[in-house]
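Q: Here it is: the structure, laid out below.
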Amino acid sequence: MAGAGFLALGWGWWSYPLPEGSEANHPVVYLDSDGREIATFHGVNGRYQIWLPLDRIPPTVVGAVIAAEDRRFMNHLGVDFLAIGRAALDKARGGDVVRGASTITQQLARGLFLNRERTWARKAREVGIAFLLERRYSKERILEAYLNTVYLGQERDAAVLGVAAGARHLMGKDISLLRLDEAALLAAAIRAPNRVYSGEEAVVRGRRDRVLTAMAAQGVAAEPEVKLAMARPLRAPATAPSRAPWFVEVAREEATRRVVSGAAAVRLTTSLDRQLQETAEAAVRDLLTRAERSRKGLTPGMLQAAVIAMEPSTGRIRALVGGRPNTTTEYNHAVTARRQPGSLFKPLVYLAAFESRGDRLTAASVVSDEPIVIPATGGDWAPHNIDGRFHGPVTIRRALEESLNVPAALVAQEVGMRQVVRVAQAMGVESRLAAVPSLALGTSEVTLMEMTTAFATLANGGLRVRPTTLDDAGPQATLQQSPPSPRVVSAESAFIVTHLMRGVMRRGTGGSSARWGLQDITAGKTGTTDGLRDAWFIGYTPDLVIGVWVGADDGRSIGMTGSDIALPIWATVMQSAVRRAPPKQFTPPSGIVMASVESGTGRRACGSDTAINEAFRLGSEPPPCQTFADAPVVKDIVQWFRGIFR
């Protein structure tokens, strides 16, 4: 068996080339908008890897790895027969074998060129390749390759390779910032990376401390420093710098479609705002945990959420959270999960109405909120409001601000369900929409990305927004340009709906935004589905749109509305954004006139205490308010008196 293994080696040393950071192994480096590295992937296989030259890896990390894995690395020729004998003796005594018999060179050979089968033939091949590597490459070159390719865990669908990526994955730190105890823990994690913070603490601490002891024995670390490092607790990073795995997943998919590469190595600058991403991840993690602790019927880990932040003028995605941080789920709820949007869909219904009936339907038009039965395929449909009450004649503004169901259903019937579908799809909703009466209340399933895109198109004045994660491919490659943004609805209709949703924030279901000081600078809408299964909120300024979805993966009721749970997450992220960069004001287009109307009737206000400044398409505004002197009878009397005294 051993002979067969050696014969299979081949005699050319060139048969086993070591990878390099600059070698043609197709590394793709993703940078955030400030030029800081997020992740590196190689070829088609998912890898989270940050390649560093040996001289940029801290000496404490290098020393810790050698102490943990191969203390005689600088002295052997690829195989350490002394270590093999020592490991065999330890095993015969029944002890805990902390140091294995495989050298760093053998581990590198196994990781790069061999599979994981446990046979004598594979072991013989491993030994042979290790000898060849030692003859062809320097110790420094072998060590650099090992430190950059050693497996240190799993980041969603990507293997975490190398100590630089491992430091971020396990410690939440740049490798240059690791303390001595963390360097030792990183080295100890090579044997069992998934047990660093999930395994038995005493065992993990013991392995770390043995590495520290070995470092002291080899002169890599001083005794006082080692004692201080041993006294430090094992503690998971509280706020690890975001690597934005959900965002990177979307960026990688976009890169496969748009990057035209002329070289092996590609550096892609993305649209990711690292600070906003970290805020969004923290908001999801903290607010979901708080809700599960405080509400009956919710169990730990039951809730899931997604967040998307997007620039409406460019479509750049500034932050994307596809699920609950620090969980093992592979599902990207932001772009994949299709759920009913509920009342979040209503702005698109009114948008379709203003586009096709804008000459006679305005935000001040009065519609009925009374019990009604609408014929539908499969049986009649009787919409009702979430509180079970009806409010009689209401303006469209009040209907949207209070998220009333009957007015939305009636307006959709007047416009036609096919027109509603056409407008929604033009705005960015690509999922199939059933042209049935209940669509007005958001019964067709959509994704958060689609709805955020639709609201971004509203914020962009009716010009279709195309989401993107990529800003620049650098000198090594080019990006295929996206098609220009077409106008899909008029600027006037888009502004009227935006102006209505500003009222949602001030007086309607988004009124709790006042707690964060956002009620006067944002427009937005809540969404809640039947049975309280899905909670949504999407709100925006002229500069940024943020969409949030919260629910349970199994579709059970979460017992909360969009304003209960989705809005607080949204507000936390939006508040962070506007504090850093105050937003522009909403500005009406040239085809819009503003007029003061009575909130209850929609008629021109004549000194009313309940007047609202409403947006109208030019020519559709209500007639001017008549004073007593303007009344026809009064005018006739005045004219008669004037005739007498002529």
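The values are calculated or read from the model by the stated rules, or taken from the named source; none is laboratory data. Quick caveat: nothing in here was measured; it's all calculated off a predicted structure. We place every Cβ from the backbone using ideal geometry, glycine too, and count neighbours over all the protein chains shown.
Q: For the stretch 329-387, give me each residue that is surrounded by 15 or more Cβ atoms within 10 Å (Cβ to Cβ) and either in contact with a Cys (Cβ under 9 Å, 6 or more places away or on another chain) or of a type in the set (Asp, Glu) (or both).
A: Glu355, Asp369
Q: Residues of the stretch 530-546 being under 15 Å from Gln340 (Cβ atoms), at pLDDT 95 or above and not aliphatic (A, V, I, L, M), which ones?
A: Arg533, Asp534, Trp536, Phe537
Q: Go through the stretch 569-593 and count every residue that is aliphatic (A, V, I, L, M) and either touching a Gly at 6+ places or on another chain (Cβ under 9 Å) or in a loop (DSSP other than H, G, I, E, B) (or both).
A: Residues meeting the conditions: 5.
Q: Residues in the stretch 431-463 that are on the phi < 0 side of the Ramachandran plot and over 24 Å from the mean Cα position of the chain (by Cα): how many?
A: Summing the residues that are on the phi < 0 side of the Ramachandran plot and over 24 Å from the mean Cα position of the chain (by Cα) in the stretch 431-463 gives 10.
Q: Follow-up. Any residue at all in the stretch 530-552 that is part of a loop (DSSP other than H, G, I, E, B), among the small types (Gly, Ala, Ser) and over 17 Å from the mean Cα position of the chain (by Cα)?
A: Looking through the stretch 530-552, none of the residues is part of a loop (DSSP other than H, G, I, E, B), among the small types (Gly, Ala, Ser) and over 17 Å from the mean Cα position of the chain (by Cα).
Q: Considering each residue of the stretch 529-567, count those that are out of contact with any Asp or Glu (no Cβ under 9 Å at 6 or more places or on another chain), over 20 Å from Lys296 (Cα atoms) and surrounded by fewer than 24 Cβ atoms within 10 Å (Cβ to Cβ), and give that number.
A: 2
Q: Also, quick follow-up: Residues of the stretch 603-620 being at pLDDT 90 or above and either in contact with a helix residue (DSSP H, G or I) (Cβ under 6 Å, 6 or more places away or on another chain) or not polar (S, T, N, Q) (or both), which ones?
A: Arg603, Arg604, Ile612, Glu614, Ala615, Phe616, Arg617, Leu618, Gly619
Q: Further question: Does any residue of the stretch 251-269 turn out to be out of contact with any helix residue (DSSP H, G or I) (no Cβ under 9 Å at 6 or more places or on another chain) and surrounded by 23 or more Cβ atoms within 10 Å (Cβ to Cβ)?
A: The answer is yes, given that some residue of the stretch 251-269 is out of contact with any helix residue (DSSP H, G or I) (no Cβ under 9 Å at 6 or more places or on another chain) and surrounded by 23 or more Cβ atoms within 10 Å (Cβ to Cβ).
Q: Among the listed residues Leu298, Leu320, which satisfies the condition of being part of a loop (DSSP other than H, G, I, E, B), in contact (Cβ under 8 Å) with a residue 40 or more places away in the chain and among the aliphatic types (A, V, I, L, M)?
A: Of Leu298, Leu320, the one residue that is part of a loop (DSSP other than H, G, I, E, B), in contact (Cβ under 8 Å) with a residue 40 or more places away in the chain and among the aliphatic types (A, V, I, L, M) is Leu298.
Q: Right, here's the next one. Only helices (runs of 4 or more DSSP H) wholly contained in the stretch 133-245 count here; list those with 3 or more residues that are modelled with pLDDT under 90 and of a type in the set (A, V, I, L, M).
A: 201-217
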